[in-house]
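Each value in this text was obtained by applying a stated rule to the coordinates, not by laboratory testing. Fair warning: this is a prediction, and the values are worked out from it, not measured in the lab. Reconstructed Cβ throughout: ideal geometry from the backbone, glycine too, with neighbour counts over all protein chains shown.
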Number of protein chains: 4
Amino acid sequence: MKQLTEKCLNIIQPRPEISHKGTFGRVVLIGGNAQYGGAIIMSAEACVRAGAGLVTVITDSVNHTALHARLPEVMVVDWYDEQQIDDVFATADVCLIGPGLGLEKHSQELLAFVLAHQSKQWLVIDGSAITLLANTTFTLTVPEQTVFTPHQMEWQRLSNLPMNQQNQQTNQQAQQQLQATVVLKSHRTEIYHHTGIYQNPLGNPGMATGGMGDTLAGILAGFLAQFPKELATIQAAVYLHSYIGDQLAKNRYVVLPTEISAALPFWMNYFANA
Amino acid sequence: MKQLTEKCLNIIQPRPEISHKGTFGRVVLIGGNAQYGGAIIMSAEACVRAGAGLVTVITDSVNHTALHARLPEVMVVDWYDEQQIDDVFATADVCLIGPGLGLEKHSQELLAFVLAHQSKQWLVIDGSAITLLANTTFTLTVPEQTVFTPHQMEWQRLSNLPMNQQNQQTNQQAQQQLQATVVLKSHRTEIYHHTGIYQNPLGNPGMATGGMGDTLAGILAGFLAQFPKELATIQAAVYLHSYIGDQLAKNRYVVLPTEISAALPFWMNYFANA
Amino acid sequence: MKQLTEKCLNIIQPRPEISHKGTFGRVVLIGGNAQYGGAIIMSAEACVRAGAGLVTVITDSVNHTALHARLPEVMVVDWYDEQQIDDVFATADVCLIGPGLGLEKHSQELLAFVLAHQSKQWLVIDGSAITLLANTTFTLTVPEQTVFTPHQMEWQRLSNLPMNQQNQQTNQQAQQQLQATVVLKSHRTEIYHHTGIYQNPLGNPGMATGGMGDTLAGILAGFLAQFPKELATIQAAVYLHSYIGDQLAKNRYVVLPTEISAALPFWMNYFANA
Amino acid sequence: MKQLTEKCLNIIQPRPEISHKGTFGRVVLIGGNAQYGGAIIMSAEACVRAGAGLVTVITDSVNHTALHARLPEVMVVDWYDEQQIDDVFATADVCLIGPGLGLEKHSQELLAFVLAHQSKQWLVIDGSAITLLANTTFTLTVPEQTVFTPHQMEWQRLSNLPMNQQNQQTNQQAQQQLQATVVLKSHRTEIYHHTGIYQNPLGNPGMATGGMGDTLAGILAGFLAQFPKELATIQAAVYLHSYIGDQLAKNRYVVLPTEISAALPFWMNYFANA
């Protein structure tokens, strides 16, 4: 197992001068039922501030107004509007599904749609979407373009590994079966990839609060949209999320997820010019 | 009667390195009818920023969007959704009921539900919930895990002590009948507990504005969720709320409740490392 | 005509130590139809930050969520809920009616209600409410507790004085007929009162933007709620509103009304301790 | 082709002392369907902070609350309310149509209304409105008071010039046919006007994010409302938008459109006093 270092942030480079919003990718975020709508809002804030060029949120319409009140920079699609979902997904470069998605029948249908239609898109599967998959048999369409971001309990459900049997070896075996990349979140998050295991040395207990994972997933989607679609970009998202959390924890007992998103543009600029 | 001192903030210690959001407790906040929805929003902001791990707000659906527009970090349950209320309450460590709850029939039903189902949960009873109880005969399920946070008029209703007959002796007798802890809010808040009476020496008249009590109740719930469930934690919540109010009043004529919540992470960090 | 000076801010004194939110007054704000809802939101922000103890906003329900998303510190009543309006108005110390009220039939009914029920309440009549009154014959219930805050066009409607015939003499005559105090807003606002005419020397063209008057009206209501109900308090509200506007204009080309409200607690503290 | 320089900001002068909100113009902004509501919210924030005296937003009612939660300084009209649209448009000095307008039948109707009723109004045509026009044959009512703000793909649709055939000569010919001013947005925005072509030397790739054009359109409308209705004002809007973007990019990897709006009052003050 290798430790991530600040070097992994080299993926964050000054942007090409001649570019437009399409250059930095189109992202679709799917999640947010009536109870967990805040989750997809937090993912969206992270994704926009991470620099994705164009972000559309597909969510329960109950979340529409709160989302726009915080973040007019995104577009919104009602998650029952099949036509618009088709249109938006078809042109997306990256899709994050899961934050606050819930376990309802419609949540399952949205997930099935995404798995069935993934082609060029990179796919980040988080939160409820992991639990939904764990409850069924499924086949990933393009596993090498798929990233799971479970916490340990979600990983137990997905991998069938009880938490006390989760270790590098068993986790790696499970990752090899999935063929997708696994970002296993804990106080020291580990990335399981076919090239090896990578541990994030950063992070702090002030980050242990609801929404922190939704924010990481949003950053990950935003990074995959604009940076090379490869392991290094996933590593950078994980590392930077915790790096900013550590910076903020210097004068905060609890670090709110939305504060990490707010600080993203500053720290990305810092490392792009480091 | 003993005076609280800064020592009572010793309960705020650096967090354990190996932890996750569950480590810092699950809190359910119940309140907010159509007229007083701001109250439960303010409690939620206080509770999240005080460091509770996971916070769910059970409220009238009219408050859903404003809550999420300010605070995507919480989850929301419609207060008519009995199934979800059952589920969320069952796994909660702390429940705060009362801010903006109102005196309607449904408010009463929610309160009855909470009293009937309290088991492991600590319970903070505030605002309208105190008035509702004062209007009925009631039995606390787990009084030693129950905290009342009345202002003087609510205390009159609950204890049947007219305000001009409220003094240390009569208040203590009333507390002994209730068996619960009583945080009696005034310009010098007093805590009545079976071990004695504790007075808060802090606070200032700039804090005399609507919502200040809702914020204290939210901090209290957040502290009980993550710190030892004991008197010291209640004392710390009361003391810190006023301490921050005094800090902010140095350059504010009126201190808004939401400003105290915003400053919580900074001051908790300050005292954790003092 | 006398010039107001900084001395008029002497009315802003340190608050009494032994006090509670009721000490600083109950205010009811009535206004905000579907088109002009922002106006009553701005009044509410000004009123709360000016230090009113308890503020209730009676408005079209379409404005409820935006109001609470910005300002959970207020309570809200649907302006069609007659029972709640009765209850809230009866206990109010000050009522502001008019910001964004509109000229509809229901707007007129609300205004008629207020005029018919004014007793102990001080009344601030602003915006659409002035236009509504100008279109009818009316009798003020307690004119000596009533303040009008027209701009020059609204004053023309109310006084029947064409703008080019508005001068100190004609304005004073019109004020004497009304018996109420008139705050005539312009680039140099004048206060017409039975004791004389007072001109505000402050203010700047960066303040010439929609909502500035709604903010002044909110400050006025908040000041009357907590300070002596007399001319000096009206003068202080007018003067401080422009004083802050001038401070902010030092580094802003346009001064947003909500920025003046945000700065109120700081400047009130400054002058309370000057 | 001439390069714009900082001199073009001379149009931003200290405001006349004797003025009121009407002095700085009435603007109507039309746009924001259910999917793209954030666009018109961002235009509105830009327009208000650019200093327009009075701003009304005509939009799908689904956007009403999010708009007011962010910006109570504007007025709102439901875009199906024909009577109010008539009234508001008739008194407007400037109309911006297009941000998030969509391509629906009703979007088309609103655009047709505006084209049919333009008289004294300056008209800024942006986003979906450009695409709608490109799909039909149309005649501008007052082309010399009309500004188009296409990005390169929208310009292709409007001018029938494929992107690889867009150059100074072809663009100028297309502009001459339209007779309107064309602000052709790219990493180096160009202004096509009957007097010549003007290139903006500023801007940076951190500005390549969704909503940046909506913000420029809002600034443009706000500038035309208060400054002379002429080329110089259009130049200043384009230049300042990028100037602020460059300032913000000094410590941000991505510059959010709403951050540019927030900084407008500061930089306008800076240049007014330069």
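Charges at C-beta only: +1 for Lys and Arg, -1 for Asp and Glu. How large is the resulting dipole of the protein assembly as shown about its Cα centre, in Debye rounded to 20? Please report the intermediate quantities before stating the final value.
Details: 60 positive and 84 negative charges, 593 e Å.
Magnitude of the dipole: close to 2840 debye.
Placing unit charges on the Cβ atoms only, positive for Lys and Arg and negative for Asp and Glu, gives the range A:180-274 a dipole magnitude near 100 debye about its Cα centre.
Is the C-alpha gyration tensor of the protein assembly as shown telling us rounded, prolate or oblate? Criteria: a/c under 1.5 is rounded; beyond that, a/b larger than b/c is prolate, otherwise oblate. Before the final figure, lay out each step's value.
Working: a/c = 1.82, a/b = 1.00, b/c = 1.82.
Cα axes put the protein assembly as shown in the oblate bin.
Label-to-label distances for A:GLY196 across copies, nearest first, come out at 6.0, 6.0, 8.5 nm, using points 7 Å from Cα in the beta-carbon direction. Local charge for C:LEU133 was computed over the other residues whose Cβ lies under 10 Å away, with Lys and Arg +1 and Asp and Glu -1, and equals 0. For the residues D:THR215, D:THR23, D:THR195, a GNM of chain D with alpha-carbon springs under 10 Å puts the largest fluctuation on D:THR195.
Calculated [222 nm] ellipticity per residue, helices only, for chain D: -13500 deg cm²/dmol; basis is -39500 (n - 2.57) per DSSP H run with n ≥ 4, divided by all residues, nearest 500.
Of the DSSP H helices in chain D, those that are both long (alpha-carbon extent of 20 Å or more along the helix axis) and hydrophobic (Kyte-Doolittle mean at least -0.5) are D:212-226, D:231-249, D:257-272. Under the convention that each Lys and Arg Cβ holds +1 and each Asp and Glu Cβ holds -1, the size of the dipole of chain A around its Cα centre is about 780 debye.
Among A:TYR36, B:TYR270, the order by Cβ neighbours within 10 angstrom, fewest to most, reads B:TYR270, A:TYR36. Between identical copies, the spacing of C:THR141 label points, each set 7 Å from Cα toward the C-beta atom, reads 4.7, 4.7, 6.6 nm from nearest to farthest. Nearest beta carbon of chain B to the B-to-A rotation axis, with distance in whole angstrom: B:ALA69, 3. Partner aspartates and glutamates whose Cα lies under 19 Å from the Cα of C:LYS7, excluding those fewer than 8 positions away in the same chain, are identified as C:GLU190, C:GLU230, C:ASP246. Summary for C:GLN3: label point 7 Å along Cα→Cβ; distances to the equivalent points in the other copies, ascending, 4.9, 4.9, 7.0 nm. Each of B:TRP122, C:TRP267 was scored by other Cβ atoms within 10 Å of its Cβ. Listed from fewest to most, they are C:TRP267, B:TRP122.
May I ask which of C:LYS250/D:LYS2; C:LYS250/D:LYS185; A:LYS229/D:LYS250 have a Cα-Cα span longer than 31 Å here? Correct reply: C:LYS250/D:LYS2; C:LYS250/D:LYS185.
Please state the shape class of chain B: rounded when a/c is under 1.5, otherwise prolate if a/b exceeds b/c and oblate if not, all from the C-alpha gyration tensor.
Values: a/c = 1.32, a/b = 1.04, b/c = 1.27.
Judged from the Cα gyration tensor, chain B comes out rounded (a/c under 1.5).
Here's the picture: a label point sits 7 Å out from the Cα of B:GLN168 along the beta-carbon direction, and within the range B:179-201 the residues with their amide nitrogen under 11 Å of it are B:197-199.
Per residue of D:13-22, how many C-beta atoms from partner chains lie within 10 Å of its own C-beta, taken as a mean?
6
Placing R0 at 56 angstrom, the Cβ-Cβ distance between C:GLN83 and B:PHE266 gives a FRET efficiency of 0.80 after rounding to 0.05.
Annotation: the antiparallel percentage among DSSP beta bridges lying fully within chain D is about 20. Considering only B:ILE11, B:THR149, B:LEU101, the residue lying farthest towards the positive end of the dipole of chain B is B:ILE11, judged by Cα position with unit charges set on Cβ. Residue exposure proxy: D:LEU115, C:LEU240, ordered by other Cβ atoms within 10 angstrom of their Cβ from fewest to most, comes out as D:LEU115, C:LEU240.
Mean partner shielding of peptide A:261-267, defined as the number of other chain Cβ atoms within 10 Å of each residue Cβ, is 3.
What does the structure give for A:243-251 when I average, per residue, the other chain Cβ atoms found within 10 Å of the residue Cβ?
Working: counts 0, 0, 0, 0, 0, 1, 3, 2, 6.
Mean partner-chain Cβ count within 10 Å for A:243-251: 1.
What separates the Cα centres of the range D:175-240 and the range B:148-177 is a distance of 68 Å. Positive end of the dipole of the protein assembly as shown (Cβ unit charges, origin at the Cα centre): among B:GLN175, C:VAL55, C:HIS194, the Cα lying farthest that way belongs to C:HIS194.
Counting only DSSP beta bridges with both residues in the protein assembly as shown, the antiparallel share comes to about 20 percent.
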